Amino acid sequence: MTTLPKHHHHSNGEFYNPQTEYYHLTYNVISDIKWIRIPFLTLKEVKDSLEELPLLFTPGFSPSSESNLPGSIPDYEDLQIYNESWLSELHQDWDEVSQKYVDSEVTNRQVIFDNRYECAAVSFTGIPSLSRQKGEDKDAWQQRVEQQRCVLKEERIARMRLHGQLDEHQDNLPVLPALCLGDKTEVIG
């Protein structure tokens with residue numbers, strides 16, 4: 001699979017790590033009438049972001065108040081969290097003729113957000129988009145998608161295998177660094 005140059009994350013300065021699962025957080029701020037979209041967050045960053053969601057305090061709110069009225073209310077709506085791997089997949093369209101879902105020529109990210117976020121994802125990960133590019137022959141595109149999916153599947157299998165080994169050897173401290181560094185020697189437990 002062809003890889004492109006990677007750029008650091010726009011907010012935290014980190015570079016893409018294919019061993020990390022990333023998420024896209026989006027919500028609408030009610031009082032400012034704006035959408036917040038934060039792509040490529042780690043699970044910890046999602047948790048931190050959820051703790052910092054905007055709130056509005058109700059009139060007369062006092063932390064020592066014994067009132068039954070809520071002291072604060074959410075100043076956001078339409079909170080959504082997407083898995084970045086799913087966003088990178090091709091959108092599925094319903095084909096009336098075959099009565100099944102088929103690959104679209106665009107990704108889920110392009111359908112839900114727009115092409116700016118797809119370009120940013122490619123820039124951050126260095127992984128070409130699965131979407132059909134302008135001027136790309138349909139057969140060549142389908143072949144590229146199949147090859148790229150095979151590589152991504154192999155990477156997911158390797159990641160699952162590593163997680164299994166880490167789980168299996170979690171009490172064997174000397175083995176863990178070798179697993180995390182990708183040491184190809186056989187693990188003896």
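The values are calculated or read from the model by the stated rules, or taken from the named source; none is laboratory data. Because the structure is a prediction, the values reported are computed rather than measured. Every residue, glycine as well, gets a Cβ built from its backbone with ideal geometry; the counts of neighbours run over all protein chains shown. What goes into the accessible areas is simple: the full protein's heavy atoms, side chains included, and nothing from ligands, DNA or RNA. Shrake-Rupley method; radii C 1.70, N 1.55, O 1.52, S 1.80 Å.
Close amide H contacts of ASP75 (hydrogens built in the peptide plane, cut-off under 5 Å, sequence separation of 5 or more or a different chain): LEU55, LEU56. Once the chain from ASN115 to GLU14 is taken as fully extended at 0.36 nm per residue, the excess over their C-alpha distance is 34.1 nm.
Computed from label points 7 Å out along Cα-Cβ, the spacing between LEU43 and LYS134 is 4.0 nm.
The accessible-area ordering, largest first, of the residues ASP139, ASP93 stands as ASP139, ASP93, per a 1.4 angstrom probe.
Please find the FRET efficiency linking GLN92 to GLU51, where r is the Cβ-Cβ separation and R0 is fixed at 41 Å, and quote it to the nearest 0.05. After rounding, the FRET efficiency stands at 0.75. Each residue, SER123 and VAL151, gets one label point 7 Å from its Cα in the Cβ direction; the gap between the two is 2.1 nm. Placing dummy labels 7 Å off each Cα toward the beta-carbon, the span from LYS100 to ILE30 is 4.6 nm.
What is region 68-126 by shape, rounded, prolate or oblate, if you read a ≥ b ≥ c off the alpha carbon gyration tensor as root eigenvalues and call it rounded for a/c under 1.5, prolate for a/b larger than b/c, and oblate otherwise? Cα axes put region 68-126 in the oblate bin. Remark: region 37-46, residue by residue, has Karplus-estimated 3J(HN,Hα) of 10, 10, x, 6, 9, 6, 4, 5, 5, 5 Hz, where x stands for each Gly or Pro and the curve is 6.51 cos²θ - 1.76 cosθ + 1.60 at θ = phi - 60°. Taking the 1.4 Å solvent-accessible surface of region 73-177 as the whole, the part contributed by carbon and sulfur is 53%. In order along region 133-140, the Karplus-derived 3J(HN,Hα) couplings, from 6.51 cos²θ - 1.76 cosθ + 1.60 at θ = phi - 60°, round to 7, 4, x, 7, 4, 4, 5, 5 Hz, and Gly and Pro are given as x. Once backbone amide H atoms are built at 1.01 Å from N, GLU14 has HIS9 as its partners under 5 Å, excluding neighbours fewer than 5 places away on the same chain. Couplings 3J(HN,Hα) of region 13-23, computed from phi: x, 6, 9, 4, 10, x, 8, 9, 8, 10, 9 Hz, in residue order, whole Hz [Karplus 6.51 cos²θ - 1.76 cosθ + 1.60, θ = phi - 60°; x for Gly and Pro]. Near ILE127, the amide H atoms lying under 5 Å from its own belong to LEU4; only residues 5 or more places off or on other chains count, and H is placed 1.01 Å from N.
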